[in-house]
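Undergrad: What follows is a structure written as structure tokens; I'll ask about it next.
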Amino acid sequence: MLHAPSTLAIVVFLAMVGVTLGISVYLGRKAKSSAGYFAAHGQIPWLVNGVAFAGDYLSAASFLGICGMIAFYGYDGFLYSIGYLAGWVVALFVVAEPMKRLGKFTFADALNARFNSRGIKLAAGVSTLAVSVFYLIPQMVGAGALVQPLLGLPHWLGVVIVGTVVILIVVTAGMVSTTWVQFIKGALLVVFSTILTAMILERGFEVRRWREGHDFVSIGPARLSTLATDLAHESQLGYPEVLPAEGPWKGLPYVRLRNDGVVSVWRLREVEDVHNNYGGESIVMIDQTQTVTKTADGEMLINGKSADRGAIEPVGFISELPNDQKKTGPLGPLEFLSILQDSEVVLWANQKVVEEDGSVTTVYYPKPTPGSEILQPGASATFAGIRSEKFSDKLNFLSLMLALFCGTASLPHILIRYYTVKDEASARKSTIVGIACIGFFYILTLYMGLGAMTSGALDPTDSNMAAPLLARSISEWLFAIISAIAFTTVLGTVSGLILASSGAVTHDLLENLTTARFTDHQRVRIAKMASVVVGVVAIALGILFKELNVSYLVGWAFSVAASANLPALVMLLFWRGTTRQGIIAAVIVGMVSSLAWILLSGDTFASVYGLPKESSPMPFSQPGIVTIPLGFATLIAVSLVSRRRWAPGA
Amino acid sequence: MATRNARIGLVLFFVYLAFYAGFVLLAAFAPATMQRTPWAGVNLAIWYGFALIAAALLLALLYGAVCRLNDDSDADVA
């Protein structure tokens, strides 16, 4: 909302797209067979595959979402970093080598290695599609949301551009080109995040109340009982009309003032009467806020003015440094954190107010917060369970951390990368490289997020823009490059997802639902057609879900993957008693139970259905802590029963 | 069924799981402990987070060092 399109960003983005497509067309001849199309002939060097793991895994949610969450709430975004990385330990120690040994093209191949069962193929194919589509939607919506502010193009065009480029990448050379796109993206992301972090440390911290040239005003102290009269006579505010606190504003800590037809909203902040000047009465300051209003007839007002006249002012400043310093100069990585720990930062929170006529005003207000609190977990709504006294809230947190831990090693688009290297040793080595790249990047996210928080460049209405705006606060070039990398981030992840989906459609579903047998050449053609269809569906969903906040779908993907896929995979590897029926039951029960739990959860009630969170029948929102063990229990129970029933002589 | 590499992997997995579980449980049930600043003015929540990331890489390197190149010991261990 506070970003002008950048020509430089468009040029850098087009250059990256050009290079990517050039590579794809050049490599196209290497993907004529199924082995080439789905698994790059198993000839990708392990080092390249390791970096491509990072490119595949570090989606827009990782890069933009985590940086934004840290910039807005502090430590909580880093909890995602920790959980996402920990999942790779499961991938390396439990899954990597067996996947390479057992499978060929898809996740279902590995599960089906011992049984040759149509049922397993179908169940695993459906679960692959479900997980991949949940993951795909936020990536596509995110692509459109990025294009709008950065390139000045409409949302739908962003989705179509990204969708078309990805379809071309996947159709020309399948896994070969997808791997190289992911390699380039992974490498660029790590290199430029390192540069950005070095610049943040070099800049250090500086105390500023607000951006130069703009002052957010605080007025007071004043008696609460006479506030309306006092404000009406306030010359600094131009003798405004004080609107009565009626309707939804009644009881809220705001006062609304009208000057020349423009309504501004101010937040009341209670202060202590330290010198006893007010005889024990309630004393308040009023702080200027920023507002975005969507009127009932669809008009957008920013700070009470029409969108073409009003603008959101950038925020995010240090208001106090230790020992009354004004500026720190360059800082070391630990010094950066320890100084922030003892400082005060003005964060911005928000509150939605729904008027009786249906118009919605979101009020963004300053919230000075001690650094020690910022560097503690539990400030955001997602991780509020940490600071809650309720046991069910704590369980919700534990459940989310469990899903992150178990989900990575069950994501089909990650697992199929194991087929692209030549042997198990390469699978292992590439995972170690992946862990090094991803772990290093996640440490950088902490610095980039905190750097954005104190950069003075934050858009309080859009947390996803934290990293690009941080880059802009340093240099226009860096902004162009980081924005272009954000797009390639989407390209790399979406290519992997479309490839995993088209593999599931061709190899797991079509060949098992029909009696037709395809030649290798036909299979590649069908896979390419499936890629186009999945790509077009992804474009349609990306446009359709534009208005919804779909970032929670990534969480759905992790929970469903962990509940449906991991129990079957782990038990297949470590329990001889596993049967075909047990695997099919575990995949179906894990998938259905986790999905049902999510659809009935309080978070979904509030964010999707618009119903009160309390009306949900589920005790907490994250299903993993129940549905992952349920998947294991189902597999054991069904395997025991089916083995007894079909045992010789039984 | 379980190869030599798989057994080493399982041991390292449980070591990391214990370390990760310690972090999650401390965050949930002893948040005051996470606020302490044991060293260099940086709190335990950050130190523990960094340690989890570093431990993942160190254990991964250890696993890479002790694993057989391509483990064919399938049949010898049940």
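Undergrad: Given the residues A:466, A:425, A:409, which is the only one that is assigned to a helix (DSSP H, G or I) and closer than 29 Å to residue A:294 by Cβ?
TA: A:466
Undergrad: Scan the stretch A:505-541 residue by residue and report those that are of a type in the set (Asp, Glu) and buried (at least 19 other Cβ atoms within 10 Å of the Cβ).
TA: Within the stretch A:505-541, just A:508 meets the criteria.
Undergrad: Among the residues of the stretch A:475-524, how many are over 18 Å from residue A:163 (Cα atoms), of a type in the set (A, V, I, L, M) and touching a residue at least 40 places away in the same chain (Cβ under 8 Å)?
TA: Selection size over the stretch A:475-524: 9.
Undergrad: Just one of A:359, A:399, A:372 is among the hydroxyl-bearing types (Ser, Thr, Tyr) and under 30 Å from residue A:561 (Cβ atoms); which is it?
TA: Just one listed residue meets the conditions, A:399.
Undergrad: Pairs needed: first member in the stretch B:1-25, within 7 Å of chain A (Cβ to nearest Cβ); second member anywhere, of a type in the set (Gly, Ala, Ser); C-beta distance under 7 Å; at least 6 residues apart or different chains.
TA: Once the first residue is within 7 Å of chain A (Cβ to nearest Cβ) and sits in the stretch B:1-25, its partners that are of a type in the set (Gly, Ala, Ser) give B:1/B:78; B:16/B:55; B:16/B:56; B:20/A:86.
Undergrad: What tally of residues in the stretch A:147-170 results from selecting those that are within 30 Å of residue A:41 (Cβ to Cβ) and surrounded by fewer than 22 Cβ atoms within 10 Å (Cβ to Cβ)?
TA: Adding up the residues that qualify gives 2.
Undergrad: Then there is this: Just for the stretch A:379-390: of the residues that are more than 7 Å from chain B (Cβ to nearest Cβ) and touching a Lys or Arg at 6+ places or on another chain (Cβ under 9 Å), which one is surrounded by the most Cβ atoms within 10 Å (Cβ to Cβ)?
TA: A:385
Undergrad: Do you know which of the residues in the stretch B:53-74 that are more than 7 Å from chain A (Cβ to nearest Cβ) and assigned to a loop (DSSP other than H, G, I, E, B) is modelled with the highest pLDDT?
TA: This residue is B:68.
Undergrad: Can you pull out every residue in the stretch A:371-426 that is over 22 Å from the mean Cα position of the chain (by Cα) and polar (S, T, N, Q)?
TA: Scanning the stretch A:371-426 gives A:372, A:388, A:392, A:420, A:426.
Undergrad: Condition test on residue A:473, is it outside any helix (DSSP H, G or I), in contact with a Pro (Cβ under 9 Å, 6 or more places away or on another chain) and more than 14 Å from every other protein chain (Cβ to nearest Cβ)?
TA: no
Undergrad: Identify all residues within the stretch A:486-505 that are modelled with pLDDT of 85 or more and over 15 Å from the mean Cα position of the chain (by Cα); write none if there are none.
TA: Within the stretch A:486-505, A:495, A:496, A:497, A:498, A:499, A:500, A:501, A:502, A:503, A:504, A:505 meet the criteria.
Undergrad: Follow-up. If I go through the stretch A:222-268 residue by residue, how many of them are surrounded by 13 or more Cβ atoms within 10 Å (Cβ to Cβ), more than 25 Å from residue A:310 (Cα to Cα) and in contact (Cβ under 8 Å) with a residue 12 or more places away in the chain?
TA: Residues flagged as surrounded by 13 or more Cβ atoms within 10 Å (Cβ to Cβ), more than 25 Å from residue A:310 (Cα to Cα) and in contact (Cβ under 8 Å) with a residue 12 or more places away in the chain within the stretch A:222-268 amount to 5.
Undergrad: If you don't mind, there's one more thing I want to ask. Going through the stretch B:26-52 one residue at a time, which ones are closer than 24 Å to residue A:87 by Cβ and facing chain A (nearest Cβ under 8 Å)?
TA: Passing the criteria: B:27, B:28, B:29, B:31, B:34, B:45, B:46, B:49, B:50, B:52.
Undergrad: Please tell me if residue A:317 is in contact with a helix residue (DSSP H, G or I) (Cβ under 7 Å, 6 or more places away or on another chain), buried (at least 20 other Cβ atoms within 10 Å of the Cβ) and hydrophobic (A, V, I, L, M, F, W, C).
TA: no
Undergrad: Just give me the residues in the stretch A:615-638 being surrounded by 24 or more Cβ atoms within 10 Å (Cβ to Cβ), in a loop (DSSP other than H, G, I, E, B) and of a type outside the set (Phe, Trp, Tyr), in sequence order.
TA: If the condition is that a residue be surrounded by 24 or more Cβ atoms within 10 Å (Cβ to Cβ), in a loop (DSSP other than H, G, I, E, B) and of a type outside the set (Phe, Trp, Tyr), then A:621, A:622, A:623 are the ones that fit.
Undergrad: Go over the candidates A:47, A:111, A:102 one by one and state the one that is within 30 Å of residue A:196 (Cβ to Cβ) and either within 14 Å of chain B (Cβ to nearest Cβ) or touching a residue at least 40 places away in the same chain (Cβ under 8 Å) (or both).
TA: One residue alone meets the criteria, A:47.
The values are calculated or read from the model by the stated rules, or taken from the named source; none is laboratory data. Keep in mind the model is a prediction, meaning the values are calculated, not measured. So basically every Cβ, Gly included, is an ideal-geometry build from the backbone, and we count neighbours across all protein chains shown.
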